[in-house]
Each structure stands twice: as C-alpha cells, then as structure tokens.
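Data first, discussion second: the structure below is written as structure tokens.
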Amino acid sequence: MVKAFRPVNLDEALNIRKENRVIPIAGGTDLMVQKRRWAGLTPSFEYPLLFIGHIEELRGIRIQDDRLRIGSASSFNELLENTLTPSVLKDAISGMASYPIRNMATIGGNICNASPAGDTLPVLYSLDAVLILSSLKGERRIPIEEFIKGPGITNLKDDEILKGIEIPQYDFDLYFYKKVGIGKVTSLSKISFLGLANITDDRIKDIKVSFGAVAPSVVRSREIESRIKELDREEIVKEFNNIKEMYSELIAPIDDARSTAHYRKVISLRLLEAFLTKEVQ
Amino acid sequence: MRIEFTLNSESVSIDTEPQRRLLDILREDFRLISVKEGCGEGECGACIILLDGKAVNSCLIPAGRIKGSEVITLEGYRETERFRILMESFEDAGAVQCGFCTPGIIMTVESLLRENSNPTEEEIKKALSGNLCRCTGYSMIVDGVVRAVKKVKNDGKSI
C-alpha cells in the first residue's frame, strides 16, 4: 500500500485527493500527536498521508481585490511576522502553543482540525472570514461558520483541499481579546472571547462578539449583534441582563480535563459584561 | 519513500516510511543523539532541531515533510563560531545543569538569533516558551543568552 503522497503542485494534490482516500497533512502538529505511539515506533494513520505544506499555491499572505488573502499552509510565525496580518489575529496567535510549534502549525490546520478550542476560530468568525476550497471542479467559497459543523467535523468534501482564507478589510475602534488558560504559553483555551466594536457619537455602529471553547463550535450570533447595534452606550448597560440572557442560551460548555462547564459559563459571560459595560463605555 | 535532504551540511538519502518521526531518523539512523526525546508530543522542546533555519520539534515532523530540506542538529551547529560564544556564555551563567534540555535550547536560540540578532530579554523568553527545563528555573538560561548577545555587541561582530 502507498503510505504517502508528496505532490509537486496543487493540481497534482487535487488529482490524488480525488482518486484516493488520504489524510491531508501540512504542519502536522495535531495529527502527529494524535497518532503517536511509543518512542521509536512509526505513528500509524488509517489512510495514506498527503503532504501539502510545501505546495506553493497554498502559501503566501497578500491583499487581493481589497481583501486579505492568507494561504492555508501559512505557519503561525509567518502570520506573526507579516505586516498585513490584522493585529487581533496576531494577538490570538501569539498566545497559541510555543515558538517552535508556531514555526510548523498552519492556520489551515487550525481550521480543518475544527477543535472547539481552536484559538484562531473566534477571530476568523468575528472577521467574517471566507474559506476558499479547491477541487478539480474549481473553487467554492464558504463562510467559516458554515464550514465548521462541530468538534472535528467540517464541510470539507473528500475531493477538496482548503486553499486559502479571505478576510475583508475592517477597521475597528476597539477590540477586546481574552484567552483564559492555565498559563501564558503552551496552554489550550478554557475559554476565549473576542469583541470588536465601532462607535460613533456614542452609538454602536458595528459590533461583533465571538466565544471559543464554550460550545461545539464558536458562538457568534448576528441576531444578537444587530439588536446591540441599535443601542447607545447607556442603553447597553440598562439592557445588559437581557443581552446576557440571550448569549447564555447559546453558551453550552462541557466539563473536560481543562475546565468545568460551570466555570466556562460564568467566566465567558463575565467577559461579555467586561466588554459591553466597561470596554465599550 | 526515498527521501533526500541536507543533514549538517551533507547531502543524505534514506529509504524510510514517510510517517516516521524525524526524531527517530536522527537518533537511530544517523546516531545524532543530541536530539532527545522528552515528551514526544511537542511540549518539552528536547528534540528541537533547525529545519530550513527554523526551530521545530523533530518529534512532530514526519519524514515525508523533509524532502529537499536542510536539517541542522547540535552536532552540526557546534562547529560554528556562534556556538562557541553561546557555550561560553551558558557556562558563565550556569545555564546547564543536567544538560538534557540544552541541545534543544541552543537550537531554539540559534533560530531566534537568525531572525533577530539583538533580542530583548522578553523576546528571548518568548522564543524559549517551548523548552522545558526542570533544573535551572530558566533565569540562568535567559541570562546565558543575554550574555552571548552582549559579548558579540562588545566585540563589534554581529551574532
């Protein structure tokens, strides 16, 4: 049995993807841990690996048609070093894993891994990221919240490869990002929270709120956001309990090795309170 | 899978399973035992080497990924002038106790210095965020790097 493929370009990779059941691998920092065995033993995968991290078409960070276009195989350190990367995305990335892991781990891997605690995800949800999925039939574009369906479950079809991520250019007056973990580095999120806002003459012109690690996938509600948008600063404080109640219904955390459902619920709502009743004020 | 790559400045070619860990290839096929296995899951940094000039955990690199790449381990790096300066500074600072984590730390520092020849203490700490040391408590290691950076500055050479 063939154990791996190493295509020279995207076209060859897509052909292999169509003809074979394979596991695409870029940075490998999650897959190699999931499939590790004892020292000296080769990690065992159910299907052949398809190495894609070196493919030129999946790399690069640039502006195209007024949107930021990030190649799926861009490593976290490449994103941190690039002046085009939004500072809010840099903030999230700099709190992820460690320096050597960030040299390997890719943004495409963080998306396709679809962990509820994936730290780039709340940022990508809040920035209205659109994913570009390639197959031999062409490309399709899909908003990130339609791509991720649950823990480890995505909309990626068997013949597709995530080619890139498109982010509209936004300017925000303020952003509030908090990751709650056991330490500053190498810790996975118990909770992450991102609030973005544009405020003109005391009125909220635009607001985006995302929660990570408190539900099967990132919690973001355009419906609640549009209700907040109608309010001014004072009204937000008055209405806060109602807003909290609405988000509370969407926040459905679990107990696991890192935290408890109770802690996650209480703290994520407190972060919402800090954002809406202090930061925005 | 046949895999050709550059290892410590020499072209090498191996025939191995593509999922095999670079850590095992370096230790078992090439007997480069400066590369240590601590945790085997990317947390401890004892297996860090340079892959195309960047510090990475070799326990997380499958063989198929390194085709055409340049790999440097401490065995290759110790021939350089920069290593000599780092070694002296680590000795002066008392940055080495049992030594198990040291090869990974030296390779991480080299990766940092390639990007930034004059790092601050904060930048040094951030770069070393993926290297665990159970002996020193880290302050001597950071001090060792700070001393090396200063030594080069005083010599007027760039590190």
> Spin-label point model (7 Å from Cα, Cβ direction): what's the residue A:146 to residue A:33 distance in nm?
Replying inline: 3.2
> Using the scaling law 2.2 N^0.38 Å as the reference, what is the normalised Cα Rg of segment A:101-177?
Replying inline: 1.14
> Given only helices, namely DSSP H runs of n ≥ 4 each adding -39500 (n - 2.57), what is the per-residue ellipticity at 222 nm of chain A, to the nearest 500 deg cm²/dmol?
Replying inline: -9000 deg cm²/dmol
>> On a straight-distance basis, which aspartates and glutamates could pair with residue A:278 in a cross-link, Cα separation under 15 angstrom, same-chain partners fewer than 8 positions away excluded?
In response: A:173, A:202, A:232, A:234, A:235, A:239
> For segment B:2-76, what value does the Rg/Rh ratio take when both radii are computed over Cα atoms and Rh is the Kirkwood radius, given to two decimals?
Replying inline: 0.91
> Binning every alpha carbon pair distance of segment A:174-279 at 5 Å from zero, what are the percents per bin?
Replying inline: 2, 12, 24, 25, 17, 10, 6, 3, 0, 0
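Which entries of A:208/B:125; A:90/A:137; A:18/A:149 show an alpha-carbon separation above 24 angstrom in the structure shown?
A:208/B:125; A:90/A:137
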>> Could you work out how much longer the chain between residue B:146 and residue B:11 gets when fully extended? Use 0.36 nm per residue separation minus the Cα distance between them, nm to one decimal.
In response: 45.2 nm
> In segment A:4-168, what percentage of the DSSP-assigned beta bridges are antiparallel, given to the nearest 5?
Replying inline: 80
> Relative to the Cα centre, what is the charge dipole magnitude of chain B, using +1 at the beta carbon of each Lys and Arg, -1 at the beta carbon of each Asp and Glu, and rounding to the nearest 20 debye?
Replying inline: 220
> Taking the Cα centre of the protein assembly as shown as origin and charging only Cβ (+1 Lys, Arg; -1 Asp, Glu), how large is the dipole, in debye to the nearest 20?
Replying inline: 680
>> Please check: in the Gaussian network model of chain B (C-alpha springs, under 10 Å), which one of B:90, B:100, B:30 has the largest mean-square fluctuation.
In response: B:30
>> Take residue B:114 and residue A:277, extend 7 Å from each Cα along the Cα→Cβ direction, and tell me the distance between the two endpoints in nm.
In response: 5.1
> How big, in percent, is the set of alpha carbon pairs in segment B:80-136 lying more than 15 Å apart?
Replying inline: 49
>> Which residue, B:101, B:146, B:62, has the largest displacement toward the positive end of the dipole of chain B when charges sit on each Cβ (Lys, Arg +1; Asp, Glu -1)?
In response: B:146
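Set the Förster distance to 41 Å, then compute FRET efficiency between residue B:81 and residue B:134 from the Cβ-Cβ distance, nearest 0.05.
About 0.85, to the nearest 0.05.
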> If you place +1 on the Cβ of every Lys and Arg and -1 on the Cβ of every Asp and Glu, how big does the dipole about the Cα centre of segment A:188-281 come out, in debye to the nearest 20?
Replying inline: 340
>> Springs between alpha-carbon pairs under 10 angstrom, Gaussian network model over chain B: which of B:108, B:73, B:136 fluctuates most?
In response: B:136
> Assuming a viscosity of 1.567 mPa s and a temperature of 4 °C, what translational diffusion coefficient in µm² per second does Stokes-Einstein assign to the protein assembly as shown, Rh being the Kirkwood radius over Cα pairs?
Replying inline: 56
> What is the distance, in nm, between label points placed 7 Å from the Cα along the Cα-to-Cβ direction at residue A:90 and at residue A:170?
Replying inline: 1.8
> Once Lys and Arg get +1 and Asp and Glu get -1 on their Cβ, which of A:281, A:170, A:253 lies farthest toward the positive end of the dipole of chain A?
Replying inline: A:253
> What per residue convex hull volume, in Å³, comes out for chain B when only alpha-carbon positions are used?
Replying inline: 100
>> Could you tell me the calculated FRET efficiency between residue A:9 and residue A:159, based on Cβ-Cβ distance and R0 = 22 angstrom, to the nearest 0.05?
In response: 0.85
> Hey, what's the Cα Rg ratio for segment A:4-168 versus the globular rule of thumb, 2.2 N^0.38 Å?
Replying inline: 1.00
>> Based only on other Cβ atoms within 10 Å, what is the fewest-to-most ordering of A:5, B:83?
In response: B:83, A:5
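The numbers here are math on the coordinates, done by the rules we state, and not lab data. Not measured: the values here are computed from a predicted model. Cβ atoms come from the backbone with ideal geometry, glycine included; neighbour counts cover every protein chain shown.
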